[in-house]
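Here's the structure we're looking at; comments come further down.
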Amino acid sequence: MKQTYSGFIAIIGPTNAGKSTLLNQIMGRKVSIVSHKVQTTRTNFRAVKMVGDRQLIFVDTPGVFKPARRLDRAMVGAAMDALADADAVLLILDAQKGVTDTIRGLVEKIKNRPNLFVALNKADAVKKQDLLPIAAELSQMADWREIFMISALKNDGVTGMLDALAAVMPAGPYLFDAADSVDVPDNLYLSELTREKIYKYIHQELPYHINVVTEKVDVDPDGVLDIYQKIVVQSDAHKKIVIGRGGAQLQQIGTSARHDIQDQWGVNARLHLFVRVESDWENRAENYVDQGLEFKK
Ligand SMILES: Nc1nc2c(ncn2[C@@H]2O[C@H](COP(=O)(O)OP(=O)(O)OP(=O)(O)O)[C@@H](O)[C@H]2O)c(=O)[nH]1
Ligand SMILES: [Mg+2]
């Protein structure tokens, strides 16, 4: 029988470096939501990519930052769990920011692991000559197998990077079916698409304190999905912001999320959004389990 190769690659890095953008580019569709704000990804998303006959299982992780709240700690915990299981580690950094203290801290954590790779992302947004000193500094910090310069957004350098990652996957049976796929529960995925729109349209700090839960999905006789979601906020003031004047904000979020759901799944859908105040949702275990996070006491 032919030898197969399969392994996990943890994508780690500071928040906003472009980890989710990269995963989406690799998969050719939206797997993990993206925003211009920090701390967008909350849990680990897994995506299986076949490169030739080698299976690469990517894990997108929440950006690592200083955990202040319980939710933050759970997010950092999720990122660290992904690291523990990984056969290769791909550190993503924002070339516009260079080597920050966060990067130094992360490299300290991972530097003794095998199959370390680092990608300077957003190469499209900086001058070539600015990339070289960053690469030089990084090369002193750990024994990288390779340093890539990529643009996740423009799909520049991504294919070559995939080949290099594929080359270090360990020999072993496929851990998932041998086809490109994503393992995100449907309800969580639907919630994430709505959360992405909240990040997009609401300009306050608010999105960090919001949770979206898909409560029910019905299919009508015409095959149209009726999706019921609650947007959980922490106070009446937040509720007001999310709903907006005359409901305009909520409508904008809902329309945009519905279009995205229809595009991503190729279905027709009606999206029913309700905003509910649950001041302590961040301290309740079920809200963590729903998002694939561990609730730590
Ligand atoms: N110019 C440019 N922008 C990029 C690139 N990759 C990502 N971005 C932008 O960077 C921002 C953050 O991207 P995300 O993919 O959400 O970043 P992340 O690392 O997943 O962030 P967290 O989930 O918060 O940890 C978005 O506005 C992206 O459009 C790139 O290659 N070039
Ligand atoms: Mg992300």
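The values are calculated or read from the model by the stated rules, or taken from the named source; none is laboratory data. Since this is a predicted model, take the numbers as computed values, not measurements. Heads up, the Cβs are rebuilt from the backbone with ideal geometry, glycines too, and the neighbour counts pull from every protein chain shown.
The table that follows gives values for the structure above.
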read-out	value
Test for Gly18: is it more than 20 Å from Ala84 (Cα to Cα) and either crowded, with 24+ Cβ neighbours inside 10 Å or within 14 Å of ligand 2 (Cβ to nearest atom) (or both)	yes
Selection within segment 1-40 - under 11 Å from the mean Cα position of the chain (by Cα), over 13 Å from Val59 (Cβ atoms) and more than 6 Å from ligand 1 (Cβ to nearest atom)	Asn24, Lys30, Ile33
Subset of segment 7-23 that is of a type in the set (S, T, N, Q) and in contact (Cβ under 8 Å) with a residue 60 or more places away in the chain - its residue that is farthest from Asp94 (Cα to Cα)	Thr21
Options Ala86, Ala17, Ala10; residue that is in the same structural domain as Glu146 (by TED's automatic domain parsing), outside any strand (DSSP E or B) and more than 27 Å from Tyr201 (Cα to Cα)	Ala86
Failed condition for Ile134, given (1) out of contact with any Asp or Glu (no Cβ under 8 Å at 6 or more places or on another chain); (2) modelled with pLDDT under 95; (3) buried (at least 16 other Cβ atoms within 10 Å of the Cβ)	(2)
Qualifying positions in segment 81-99 - out of contact with any Phe, Trp or Tyr (no Cβ under 7 Å at 6 or more places or on another chain) and modelled with pLDDT under 95	Asp81, Ala82, Leu83, Ala84
Flag if Lys30 is farther than 22 Å from Ile110 by Cα, within 12 Å of ligand 2 (Cβ to nearest atom) and either crowded, with 22+ Cβ neighbours inside 10 Å or not small (Gly, Ala, Ser) (or both)	yes
Subset of segment 35-63 [surrounded by 21 or more Cβ atoms within 10 Å (Cβ to Cβ) and in a loop (DSSP other than H, G, I, E, B)]	Thr40, Thr41, Arg42, Thr43, Asn44, Thr61, Pro62, Gly63
